[in-house]
1. In terms of the ratio Rg/(2.2 N^0.38 Å) built on C-alpha atoms, what value belongs to the stretch 36-101?
2. Largest first, what is the accessible-area ranking of D52, D96, D20 with a 1.4 Å probe?
3. Local charge sum around D45 (other residues, Cβ-Cβ under 9 Å, Lys/Arg +1, Asp/Glu -1)?
4. Between D20 and S88, what is the FRET efficiency for a Förster distance of 35 Å, r being their Cβ-Cβ separation, to the nearest 0.05?
5. Assuming R0 = 22 Å, can you tell me the calculated FRET efficiency for the pair A31 and K74, based on Cβ-Cβ distance, to the nearest 0.05?
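The values are calculated or read from the model by the stated rules, or taken from the named source; none is laboratory data. What you see is a predicted model; the values in this text were computed from it and never measured. Heads up, the Cβs are rebuilt from the backbone with ideal geometry, glycines too, and the neighbour counts pull from every protein chain shown. Only protein heavy atoms, including side chains, enter the accessible area calculation; ligands, DNA and RNA are left aside. Shrake-Rupley method; radii C 1.70, N 1.55, O 1.52, S 1.80 Å.
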Amino acid sequence: SGGFSYNGGTSSGSFSAVIDSGTTLIYIPTAAAKKFYASIPGAKDASATVGDGFYTYPCSTNLGTIAISFGNTKYAINPADFNLGAVSECVAFVNDGPLRS
């Protein structure tokens with residue numbers, strides 16, 4: 001098991017991911033990203049406005065607890081680290097990418 005979770009729920013399901021220490025982004029399969037971001041209030045696909053695979057959410061959103069799991073171990077992500085910065089809304093750092101589930 002593994003994946004991303006929001007406020008303790010299993011939001012994305014298990015998947016393969018690319019985590020590269022040379023970038024600020026984490027790429028996950030499109031289906032997992034859609035499922036994960038559907039759990040965050042106000043989050044939406046921003047591919048047309050920010051770039052392919054990006055999502056935004058209202059900067060006023062109290063993000064609560066975001067975590068990534070490897071096996072049965074969860075690692076919390078600080079909400080401040082989840083935000084890449086604002087355009088008209090906050091841009092999230094977990095992107096859908098060219099991965100297969």
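1. 1.13
2. D52, D20, D96
3. Value of the local net charge: +1.
4. Rounded to the nearest 0.05, the efficiency is 0.80.
5. Computed FRET efficiency for A31 and K74 comes out at 0.60.
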